[in-house]
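S.K.: Below is a structure I'd like to ask you about.
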Amino acid sequence: MYVRVLGSAAGGGYPQWNCNHPNSRRARATDSRATARTQSSIAVSEDGDNWCLFNASPDLRQQINENSILHPKDSLRHSPIKAVLLTNADVDHVAGLLNLRESQPLNLYGTDRVLSVLASNSIFNVLNPKFVNRRGLELESELELSAHDGKKLGVTVVPFAVPGKVALWMEDEKSGKNFGTVDEDTIALEVKSRSGSFFYIPACARMTDALGERVSGADLVFFDGTLWVDDEMIREKVGVKTGQRMGHISVSGENGALLAFADLDVKRKIFIHINTTNPILVDDSVERAAVLSAGWEVSYDGMAIEL
Ligand code: MLT
Ligand code: MN
């Protein structure tokens, strides 16, 4: 199975358009130790020819241009992208669908909750319903992904709920402390094929016993690396929200990902969905050194993995 990181940054990318934080400034100045990154998405394929996108970032057009595996090949209208699977309805995960207009056959997978969001926004009909099948994902139910013509892609997913939050733009202030969040709002995936398996968890608010048991002993986990510390955006004076408020665990700290994974025997651990303020983005930071010495990797755009 092949995995290509199309985008490794969190919502807004790295640098974010209106961010003047030192991290963003270094990326904007094309500092070789502060490599710019697009918004989070990966592509997965069993045969190297037919690909499924896990999330469709607003940067998808750029990501396709920069990854020749996704270029048209066979005829005047063609795409190796056979399916798209959405793990939530965040802007950074669904807005890229609009790039996939218009009459290209695709299967589009999401939970009923996420598909209902697309159904209630008619702009998503630019993915011509005659050519794009929308298919529901059921939590804890194994499903082999397929192309529009029914051909199996050799990639099986098991979607499961993780602690998280409804998409920012869908928050309902009147619906209690988690803004009307339901289980299907934030899912993660176990991904399996004949050749290997991995977990894709780009958003997660905290480690639970159940999640720890599930990923224990895994060969590879992509995990939410949004912030280094929970109040990072406040400390750095670029925002008012904590990571917890946004539905994201931190990398460091007593409730953070480094400690949560320390005893889980995961062979390869890779941070993805990394916010523009997170110091692990910068190659020469002490925080980068700390995650590397804890056995983690920091994903980058174009990172290629074969399982
Ligand atoms: C998130 O991951 O919290 C969201 O992408 C934030 C956003 O929509 O800006
Ligand atoms: Mn996001």
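The values are calculated or read from the model by the stated rules, or taken from the named source; none is laboratory data. The model shown is predicted, which means the values in this text are computed figures rather than measured ones. Positions of Cβ are generated from backbone atoms using ideal geometry, with glycine treated the same way; all protein chains shown enter the neighbour counts. Calculation scope for accessible area: heavy atoms of the full protein, side chains included, ligands and nucleic acids excluded. Shrake-Rupley method; radii C 1.70, N 1.55, O 1.52, S 1.80 Å.
S.K.: Identify all residues within the range 215-246 that are away from ligand 2 (no atom under 14 Å from the Cβ) and under 19 Å from the mean Cα position of the chain (by Cα); write none if there are none.
M.R.: V215, A218, D219, L220, V221, W228, Q244
S.K.: Quick check on my filter: what residues within the range 276-293 are open to solvent by 10 Å² or more (accessible area, probe 1.4 Å) and either in a loop (DSSP other than H, G, I, E, B) or modelled with pLDDT under 95 (or both)?
M.R.: Once the filter is applied, which keeps residues that are open to solvent by 10 Å² or more (accessible area, probe 1.4 Å) and either in a loop (DSSP other than H, G, I, E, B) or modelled with pLDDT under 95 (or both), the range 276-293 yields D283, D284, S285.
S.K.: Tell me, which residue of the range 216-251 that is small (G, A, S) and crowded, with 21+ Cβ neighbours inside 10 Å is nearest to ligand 1 (Cβ to nearest atom)?
M.R.: Among those residues, the one meeting the criterion is G247.
S.K.: Sticking with this structure for a sec: Under the condition of being among the aliphatic types (A, V, I, L, M) and crowded, with 20+ Cβ neighbours inside 10 Å, which residue from the range 196-215 is nearest to G243 (Cα to Cα)?
M.R.: Applying the filter and picking the extreme gives A205.
S.K.: Which of the residues belonging to the range 39-54 are of a type in the set (G, A, S) and either in contact (Cβ under 8 Å) with a residue 60 or more places away in the chain or assigned to a strand (DSSP E or B) (or both)?
M.R.: From the range 39-54, those of a type in the set (G, A, S) are 40-41, 43, 45, 48; that's our starting set.
Once the filter is applied, which keeps residues that are of a type in the set (G, A, S) and either in contact (Cβ under 8 Å) with a residue 60 or more places away in the chain or assigned to a strand (DSSP E or B) (or both), the range 39-54 yields S40, S41, A43, S45.
S.K.: Can you spot a residue in the range 262-273 that is at pLDDT 95 or above and in a helix (DSSP H, G or I)?
M.R.: no
S.K.: Could you tell me whether the range 121-130 includes any residue that is of a type in the set (S, T, Y), farther than 29 Å from A205 by Cβ and under 21 Å from the mean Cα position of the chain (by Cα)?
M.R.: Here is the first cut: in the range 121-130, the ones of a type in the set (S, T, Y) are 122.
Pick out the ones that are also farther than 29 Å from A205 by Cβ and you get 122.
Next, only the ones that are under 21 Å from the mean Cα position of the chain (by Cα) stay: none.
No, every residue in the range 121-130 fails to be of a type in the set (S, T, Y), farther than 29 Å from A205 by Cβ and under 21 Å from the mean Cα position of the chain (by Cα).
S.K.: For the range 1-38, which residues satisfy the criterion of being assigned to a strand (DSSP E or B) and either more than 16 Å from ligand 1 (Cβ to nearest atom) or under 22 Å from K237 (Cα atoms) (or both)?
M.R.: Y2, V3, R4, V5, A9, Y14, R37
S.K.: Starting from residues that are out of contact with any strand residue (DSSP E or B) (no Cβ under 6 Å at 6 or more places or on another chain), open to solvent by less than 20 Å² (accessible area, probe 1.4 Å) and not in a helix (DSSP H, G or I), keep the ones in the range 80-96 and report whichever is nearest to ligand 2 (Cβ to nearest atom).
M.R.: That would be N88.
S.K.: Considering D59, D74, which residue is within 30 Å of D183 (Cβ to Cβ) and out of contact with any Lys or Arg (no Cβ under 8 Å at 6 or more places or on another chain)?
M.R.: After applying the criteria, what remains is D59.
S.K.: Would you check which residues across the range 55-66 are part of a loop (DSSP other than H, G, I, E, B) and touching a Gly at 6+ places or on another chain (Cβ under 7 Å) and list them? Steps first, answer last, please.
M.R.: Filtering the range 55-66 for residues part of a loop (DSSP other than H, G, I, E, B) gives 55-59.
A56, S57, P58, D59 - these are the residues of the range 55-66 that are part of a loop (DSSP other than H, G, I, E, B) and touching a Gly at 6+ places or on another chain (Cβ under 7 Å).
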